[in-house]
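Any read-out appearing in this document is the output of simple, stated calculations on the displayed coordinates, not a laboratory observation. None of the values given here were measured: they were computed from a predicted structure. Cβ coordinates were reconstructed from backbone atoms using ideal geometry, including for glycine residues, and neighbour counts include every protein chain displayed.
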Amino acid sequence: MLMLWKVETGEGLPVSLTEASSKRLAGMKRQEHCNGFLAVRMLLERTGLSDDDVLYEADGRPLLKDGRQISISHSHSFAALYTGPEPYGIDIEKIHPRIIKNRPHFIRDEVILPGFEPETLTLIWTVKEAIFKLSNSRPLSFLTDLHVHSYDLSSGMGTAVSTFPGWEKGFCFQFEQIEDYMLTWCKLT
């Protein structure tokens with residue numbers, strides 16, 4: 001199940017938090033991070049889960065106590081949550097022109113559609129971030145190990161690969177532009 005929550009300015013998000021999550025929230029300096037953190041907990045409650053049902057690996061990856069898969073993302077006004085039987089990586093990012101100057105850090109051989117640079121670059125970034133979430137924190141290079149092979153803006157689908165030694169994998173992904181955000185969800189093929 002993939003769920004999305006838009007955080008409205010000043011919206012109170014009444015959720016029940018564990019002691020560890022309360023401490024984590026108290027340590028967040030930016031309201032944007034607090035809102036994203038609370039919105040994810042609100043999404044958990046909407047799926048019948050609670051903050052107590054989520055555990056975290058030492059590297060920060062979330063796990064569900066019941067063994068189902070989980071992936072979490074938040075950016076500015078949106079939070080996204082996936083829970084289900086098979087592993088997916090999700091990412092949501094705000095589309096912003098400043099991503100163009102970061103292009104050399106994560107684009108090698110991908111095709112960028114003229115006239116759609118911020119959107120296409122954000123799409124490629126979210127695909128690579130979603131794949132990273134599936135990688136169990138392998139030291140992947142977004143530039144040299146992860147490659148978006150194809151994407152179709154009209155269908156919202158595409159393919160990608162990892163060429164990381166020992167973790168050569170294929171992926172299919174779906175994406176959707178929601179307002180000025182790109183939401184991508186990805187799984188192994």
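Please identify which residues in segment 153-189 have an amide N closer than 16 Å to a label point set 7 Å out from the Cα of S141, following the Cα→Cβ vector. Answer for this model: 162-168.
Based on a Kirkwood Rh over C-alpha pairs, give the Stokes-Einstein translational diffusion coefficient of segment 46-144 at 4 °C and viscosity 1.567 mPa s in µm²/s. In µm²/s, the coefficient is 86.
Working note: Karplus 6.51/-1.76/1.60 with θ = phi - 60° gives segment 125-135 the couplings 4, 5, 4, 5, 5, 5, 5, 4, 5, 8, 8 Hz, where Gly and Pro are set to x. For the chain, the longest principal axis of the Cα atoms and the long axis of helix 31-46 meet at an angle of about 80 degrees. Taking other C-beta atoms within 10 Å as the exposure proxy, S73, S154, S21 rank S154, S21, S73 from fewest upward. Ranking of L64, L113 by neighbouring Cβ atoms within 10 Å, starting from the fewest: L113, L64. Residue exposure proxy: W167, W125, ordered by other Cβ atoms within 10 angstrom of their Cβ from fewest to most, comes out as W167, W125. Electrostatic tally near D59: other residues with Cβ closer than 14 Å to its Cβ, Lys and Arg +1, Asp and Glu -1, net +2. When the alpha-carbon atoms of segment 91-188 are used, the pair Rg, Dmax equals 12.4, 38 angstrom.
Taking θ as phi - 60° and the Karplus parameters 6.51, -1.76 and 1.60, the scalar couplings of segment 141-148 work out to 9, 5, 7, 9, 9, 10, 9, 8 Hz in sequence order, x denoting glycine and proline. The Rg/Rh ratio of the chain, with both radii computed over alpha carbons and Rh defined as the Kirkwood radius, is 0.96.
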